[in-house]
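J.: Take this structure, written in C-alpha cells, and hold onto it; I'll ask about it next.
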Amino acid sequence: MIERPTIIEGGIFSDERGSMRFVNDFRFEDVKRFYFIKHPDSSVVRAWQGHQFEKKYFYPIAGSFVVAWVKIDDFENPSEDLIPEYHILSAENSEIISVPKGYANGLKALKPNSEIMIFSDLSLEESVKENIRYPSDWWLDWDEILKHK
C-alpha cells in the first residue's frame, strides 16, 4: 500500500476556563522525536527537503503556514514536471498534516512569528543520513499561494 499525505483533523474547545486544541486521532506510535520551527517573518521558504525514508507530521503552534509536498520520482534526479500539493495550517484550527516517506516537503509562514511543531519517525542520527535538498523555487511558486489564500 502506498501512503499518501493526509490531514488529521482535530478541534478546539473553549469555555470560561480557557481553550483547548486537540487532535485525538493522531497516534504517536511511530514518532521518535519532535522539534519546533519559528519564522520571524513571512519571507523565508524552507524547501525542499527530500525524505526517502522519513515520515513527518506538521502541527501549527502559532500563526499559519503553507505546508507543501511533492512525490519524488527519482531522489537523485527528480523530474522538473512533478506536481506539488499544499495545505494551509493555522493555529486557529487544529489539524496535523502527515507526509509519508517518498516525498519532499517545504513550508512558508504566512504571518510573522509563526511557529510549527514537527514530529518525525526517525531519530536525529537516522535523519541526518538523509540530507536531500532541492532548490526552493522548484515545483511551486510560493508567492503565488499568498495571492490565493
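J.: Would you please name the residue that is surrounded by the most Cβ atoms within 10 Å (Cβ to Cβ), looking only at residues in region 107-149 that are under 19 Å from VAL44 (Cβ atoms) and in contact with a helix residue (DSSP H, G or I) (Cβ under 8 Å, 6 or more places away or on another chain)?
T.: LYS108
J.: Inspect region 113-132 for any residue being under 16 Å from the mean Cα position of the chain (by Cα) and of a type in the set (Lys, Arg) and give the result as yes or no.
T.: No, because not a single residue in region 113-132 is under 16 Å from the mean Cα position of the chain (by Cα) and of a type in the set (Lys, Arg).
J.: Which pairs turn up if I take residues in region 78-90 that are more than 12 Å from TRP142 (Cα to Cα) and free of Cβ contacts under 8 Å to residues at least 60 places away in the same chain and look for partners that are surrounded by fewer than 16 Cβ atoms within 10 Å (Cβ to Cβ) and aliphatic (A, V, I, L, M) with beta carbon separation below 9 Å, at least 6 apart in sequence or on another chain?
T.: LEU89/ILE7
J.: Follow-up. Tally time: how many residues in region 1-57 are loosely packed, with under 12 Cβ neighbours inside 10 Å, closer than 14 Å to LEU107 by Cβ and modelled with pLDDT of 95 or more?
T.: Qualifying residue count for the region: 2.
J.: Then there is this: Taking the residues in region 56-77 that are in contact (Cβ under 8 Å) with a residue 60 or more places away in the chain and not β-branched (Val, Ile, Thr) as candidates, determine which candidate is farthest from TRP139 (Cα to Cα).
T.: Within region 56-77, the match that is farthest from TRP139 (Cα to Cα) is TYR59.
J.: Further question: Of the numbered conditions (1) of a type in the set (A, V, I, L, M, F, W, C); (2) surrounded by fewer than 16 Cβ atoms within 10 Å (Cβ to Cβ); (3) in a strand (DSSP E or B); (4) in contact with a Phe, Trp or Tyr (Cβ under 6 Å, 6 or more places away or on another chain), ALA104 satisfies every one except a single condition; which is it?
T.: With (1) of a type in the set (A, V, I, L, M, F, W, C); (2) surrounded by fewer than 16 Cβ atoms within 10 Å (Cβ to Cβ); (3) in a strand (DSSP E or B); (4) in contact with a Phe, Trp or Tyr (Cβ under 6 Å, 6 or more places away or on another chain) applied to ALA104, the lone miss is (2).
J.: Tell me which residues, restricted to region 1-45, are part of a strand (DSSP E or B), β-branched (Val, Ile, Thr) and within 19 Å of the chain's Cα centre (by Cα).
T.: THR6, ILE7, ILE8, ILE37, VAL45
J.: Looking at PRO78 and the list (1) part of a strand (DSSP E or B); (2) at pLDDT 95 or above; (3) farther than 19 Å from PHE26 by Cβ, which single condition is not satisfied?
T.: Among (1) part of a strand (DSSP E or B); (2) at pLDDT 95 or above; (3) farther than 19 Å from PHE26 by Cβ, PRO78 violates only (1).
J.: Would you point out which residue out of PRO78, PRO60 is of a type outside the set (A, V, I, L, M, F, W, C) and out of contact with any Leu (no Cβ under 7 Å at 6 or more places or on another chain)?
T.: On the way: PRO60 fails: out of contact with any Leu (no Cβ under 7 Å at 6 or more places or on another chain).
Exactly one residue qualifies, and that residue is PRO78.
J.: Over 22 Å from VAL31 (Cα atoms) and crowded, with 18+ Cβ neighbours inside 10 Å: is that true of VAL66 in this structure?
T.: Against the criterion (over 22 Å from VAL31 (Cα atoms) and crowded, with 18+ Cβ neighbours inside 10 Å), VAL66 qualifies.
J.: I need the full set of residues from region 55-74 which are in contact with a strand residue (DSSP E or B) (Cβ under 8 Å, 6 or more places away or on another chain) and among the charged types (D, E, K, R), in order please. Spell out how you get there, then give the answer.
T.: First, the residues of region 55-74 that are in contact with a strand residue (DSSP E or B) (Cβ under 8 Å, 6 or more places away or on another chain): 55-72.
Hits for region 55-74 are LYS55, LYS56, LYS71.
The values are calculated or read from the model by the stated rules, or taken from the named source; none is laboratory data. This one's a predicted model, so the numbers in the text were calculated from it and none came from an experiment. As a convention, Cβ positions derive from the backbone with ideal geometry for all residues, glycine included, and neighbour counts pool all protein chains shown.
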